[in-house]
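The values are calculated or read from the model by the stated rules, or taken from the named source; none is laboratory data. Owing to the predicted nature of the structure, the values given are computational and were not obtained by experimental measurement. For neighbour counting, all protein chains shown are included, and Cβ atoms are generated from backbone atoms with ideal geometry for every residue, glycine included. Just so you know, the surface numbers come from the protein's heavy atoms only, side chains and all, with ligands and any DNA or RNA stripped out. Shrake-Rupley method; radii C 1.70, N 1.55, O 1.52, S 1.80 Å.
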Amino acid sequence: MEKRTIALLKVHSTAVLFGLSGVFGVLIESGTDVLVFGRAVFAFLFLWIFFKARGSRLTPRELGLQLLSGILLATHWVTFYLGVKIGGVAVGTLGFASFPAFVTLFEMLAFKEKLHLKEYLLLLAISVGLVMITPAFEFGNQTTQGLLWGIASAASYGVLAVLNRFNAGKLSGTEASLWQYLAVALVLFPVTAPQLPTVSLTDWVWIACVGLFCTTLAYTFFVSSLDTINARTAAMIISLESVYAIAVAWILLGEPPTLKMLIGGAIIILSVAWTNLKK
């Protein structure tokens, strides 16, 4: 199997696992800061034990970049789960699905790359799909607030995706993930420490699942794919997360999508599939 095909399969797997993380966010009753702290700690431990990952010695500049990446990752996770808890799985993940637009902007600025017609069409199709899926546009509405948190999550992750691509040649995917999870845990520990004794055993089990499947595997797949495909292409595929999340929430949580959601999801799926078939 050629290298690019493997990279694309990794990113699609990431989209599925990211979608599941939103569902877990609804099941976990603890606050978003505790959820994100626990997610980072479990992800760090799983990566260290099962993948035998060891952080290589970094220069001060590289260490600073990884710390910045960790702060961006923590921001992305906290805002994402706020969107899911406030607006619901569909709205929170749909807000995050807008991040291809942010990646496109940041990647153009950072790497001076030009967009092709297919990418413009794909961005347009994703935008139309998101408009179709979004249930309400009232600023004072709780659903809208969840959407705005999801968009904030998209913006922070857009910066992170480009930064990960910039570092892709210097660190392996597992090494970069290891340092970033450690940075997230260190940043959030002072805030979450007083709350940790009150977290239920059930929450710890769900958080561990998020740490293993939706984080360790998902982010390692994503970061390691960026040495073959650009962050913009990866972002287009990750936009499928919202579709997977809505489907799982429908099956497991009894949150059926509306007809507009189904049509919007179909537009997103077909546009991403068309782009990949063309390539």
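Observations
- Filter pass, Lys85 being under 17 Å from the mean Cα position of the chain (by Cα), modelled with pLDDT under 95 and either open to solvent by 10 Å² or more (accessible area, probe 1.4 Å) or over 28 Å from Pro257 (Cα atoms) (or both): yes
- The listed residue being open to solvent by less than 60 Å² (accessible area, probe 1.4 Å) and under 27 Å from His12 (Cα atoms), out of Thr144, Thr192, Thr174: Thr174
- All positions within region 221-231 that are surrounded by fewer than 24 Cβ atoms within 10 Å (Cβ to Cβ) and modelled with pLDDT under 80: Ser224, Asp227, Asn230
- Test: Val184 is open to solvent by 70 Å² or more (accessible area, probe 1.4 Å), at pLDDT 90 or above, more than 19 Å from Ser13 (Cβ to Cβ) and assigned to a helix (DSSP H, G or I): no
- Residue match in region 97-116 (condition: under 30 Å from Phe137 (Cβ atoms), assigned to a helix (DSSP H, G or I) and among the β-branched types (Val, Ile, Thr)): yes
- Residues of region 190-246 that are of a type outside the set (Gly, Ala, Ser) and not in a helix (DSSP H, G or I): Val199, Leu226, Asp227, Thr228, Ile229, Asn230, Leu240.
- Every condition in (1) part of a helix (DSSP H, G or I); (2) touching a Ser or Thr at 6+ places or on another chain (Cβ under 8 Å) holds for Gly70 except the one numbered (2).
- Qualifying residue in region 44-64 (condition: touching a residue at least 24 places away in the same chain (Cβ under 8 Å), among the small types (Gly, Ala, Ser) and crowded, with 23+ Cβ neighbours inside 10 Å): no
- Meets criteria (open to solvent by 20 Å² or more (accessible area, probe 1.4 Å), modelled with pLDDT of 90 or more and in contact with a Leu (Cβ under 8 Å, 6 or more places away or on another chain)) for Phe24: no
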